[in-house]
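**Student:** I am attaching a structure below and will ask some questions about it afterwards.
The values are calculated or read from the model by the stated rules, or taken from the named source; none is laboratory data. Note that the structure is predicted; figures quoted are calculated from it, not measured. As a convention, Cβ positions derive from the backbone with ideal geometry for all residues, glycine included, and neighbour counts pool all protein chains shown. Keep in mind that these areas ignore ligands, DNA and RNA; they rest on the heavy atoms of the full protein, side chains included. Shrake-Rupley method; radii C 1.70, N 1.55, O 1.52, S 1.80 Å.
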Amino acid sequence: MSTTLLGRKGPIVLVFVFAAVAFLGFFLPEIPQFEFTVSGTTNIMTTVVAFTFFIAVINFFALNWRRTKRKETGEWPYAVYSMVLFFVYVILGLLPGYTIQQHPFFLSFYNLVHFPVAKAMLGILAFNVIEGGIRAFRVRTFEAACMVLSAMFVLYTTAPIGEMISPLIPAIGNWTVSVPQLAGNRGVLISFAIGAVALTFRQMIGMEKAAYLGEGE
Amino acid sequence: MSKVLEVIDKIEHMDRRLWGIFVLFTVCFPMVFPLGLPLKVTWETQMFYDYVQKLPDGANIVVKTAAGTLWSEHGPGQLAVLKHFFSKNVRILFWGGEQIAQFLVNTYFPMIEASPKYGPYFKQKVYGVDYLVLPYMPGGLNAQVAFAGNAFQLFAGTKDYLGIGFVNDFPIMQHFKTAYDWTVYFVNGGEPAVTTEMQIYTTTYHVPFLVSALSSNYMLYHMYLQSGQFVGIQNGMRGGAEYEKLIVEPTSAGAGGMDILSLTYTFIWITYLLFNVPLIIRKLNARRGVKK
């Protein structure tokens, strides 16, 4: 009996109670009792998420330590590197004499290493996106032709050179964005929202157990 | 004709590294030789600017900005908006999500302070009274729901990002108890965060949104602009350049980026046309052959 309660009915009851509280609090925020309950549950959630950081750190070290110990080909030097970087960054963030994360070393590490590297990654991505776009956009069907034409007009609507060539280009681009694009997007979003509501209700009443009881896997 | 098609085919199938060189050229050329193309302010950005311009004295603004990898896309825009905010008699609360607190304090604030036009306004503002940078709060969406519902409860016993004092002891917090107190929410970033935040703050608390969007999300956000949930959108780098023009403070990152955008898009246009022409000609030829 107790096993069934903890193993099967317990999670379903918990999901129902918390979902109902969040649901009522979302739609009836004017009622102070609901507002308080929502704050309470969300604060619990925030604390739970904070604890997951500890699990993430433990998992990070367990994984990288195992790779280093086994000397997995091509991976262990990166595992050591990431562990060393982790420690260096944490120590720099906690250096005494300054408020947390305000030491010049820590700031330099972020501004001169992390930030340029992150931007460089995005820059590399841009080359691939442009090349991929050029190769993929081929007028093989009528639908593809519509897509290529829309892309061309919308691209030039964003760039000032489009207005210089002809005022018609931004006019067509804006119409594409405001009318057919929006209609399609709305349709997708509304159907998605209806599906999400149905799935949420199924989870609330315990019909969709795969997500937290592992059924059907 | 067939020789021309062959040449185009060869160009299309050339070494992909050469494509990189072409793209690099289109990006670097305007840096050396600026084109200085005229920029027209779009109605969405104008709407954004007008909304900020008309904010009443004592308005409470919550700001959630993004940083890091996508800075070149929306950084100039958010910086221009922050300059505009600081020139107004408003209170600004910076929500601490991800690395942004660090980015704000170390990158944006010195830039605003160094601005000849907006620096003096910023220097007049008092930390903790006119603006405050909240610490990082884990929990993502849940933390944001808690922040909207009861900020005092969420930040109880927590110090601000700079570690100067407890969040709830700062006078500015008296004006940000719940999301009902917020005049407007300025958010910067992409999907699905912005839509989800809008569902919480606008649907539940009726807080209008000002959004500095990535160009890839800009089209989706038009929907919310039409419905009135958003009261202004900036379209990525272009929106930023337009806003810089409106606040009369152009930078190399925003206005300068427009030349790069123009040239890169022209390159894409040319390739779309060039590589689709042989395809269309061959299709037409094939059709004629069938008819014969």
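**Student:** How many residues, within the stretch B:239-288, are in contact (Cβ under 8 Å) with a residue 24 or more places away in the chain, of a type outside the set (Val, Ile, Thr) and assigned to a helix (DSSP H, G or I)? If you could, list the steps in order and put the result at the bottom.
**Tutor:** So in the stretch B:239-288, the residues in contact (Cβ under 8 Å) with a residue 24 or more places away in the chain come out as B:239-249, B:251, B:253-264, B:266-267, B:274-275, B:277-278, B:281-282.
Right, trim to of a type outside the set (Val, Ile, Thr) and you get B:239-246, B:249, B:253-259, B:261-263, B:267, B:274-275, B:278, B:282.
Within this subset, residues satisfying the condition of being assigned to a helix (DSSP H, G or I) are B:239-246, B:255-259, B:261-263, B:267, B:274-275, B:278, B:282.
Qualifying residue count, the stretch B:239-288: 21.
**Student:** Something else now. Has the stretch A:54-61 got at least one residue that is open to solvent by 90 Å² or more (accessible area, probe 1.4 Å), modelled with pLDDT of 80 or more and closer than 30 Å to B:Phe152 by Cβ?
**Tutor:** Yes, the stretch A:54-61 contains at least one residue that is open to solvent by 90 Å² or more (accessible area, probe 1.4 Å), modelled with pLDDT of 80 or more and closer than 30 Å to B:Phe152 by Cβ.
**Student:** Being at pLDDT below 85 and within 30 Å of B:Thr42 (Cα to Cα): is that true of A:Ala126 here?
**Tutor:** So A:Ala126 passes the test.
**Student:** Further, regarding this structure: Only one of these is open to solvent by less than 30 Å² (accessible area, probe 1.4 Å) and in a helix (DSSP H, G or I): B:Leu5, B:Leu39, B:Leu18. Name it.
**Tutor:** Answer to the selection: B:Leu5.
**Student:** Show the residue pairs that are 6+ apart or on different chains and have beta-carbon atoms under 6 Å apart, the first residue being within the stretch A:45-72 and among the charged types (D, E, K, R), the second being open to solvent by 90 Å² or more (accessible area, probe 1.4 Å).
**Tutor:** Final answer for the pair search is A:Arg67/A:Trp76.
**Student:** Report those helices (runs of 4 or more DSSP H) wholly inside the stretch B:53-114 carrying at least 2 residues which are modelled with pLDDT under 85 and open to solvent by 20 Å² or more (accessible area, probe 1.4 Å).
**Tutor:** B:71-86
**Student:** Residues in the stretch A:145-159: is at least one more than 10 Å from chain B (Cβ to nearest Cβ), more than 32 Å from the chain's Cα centre (by Cα) and at pLDDT 85 or above?
**Tutor:** No, the stretch A:145-159 has no match at all.
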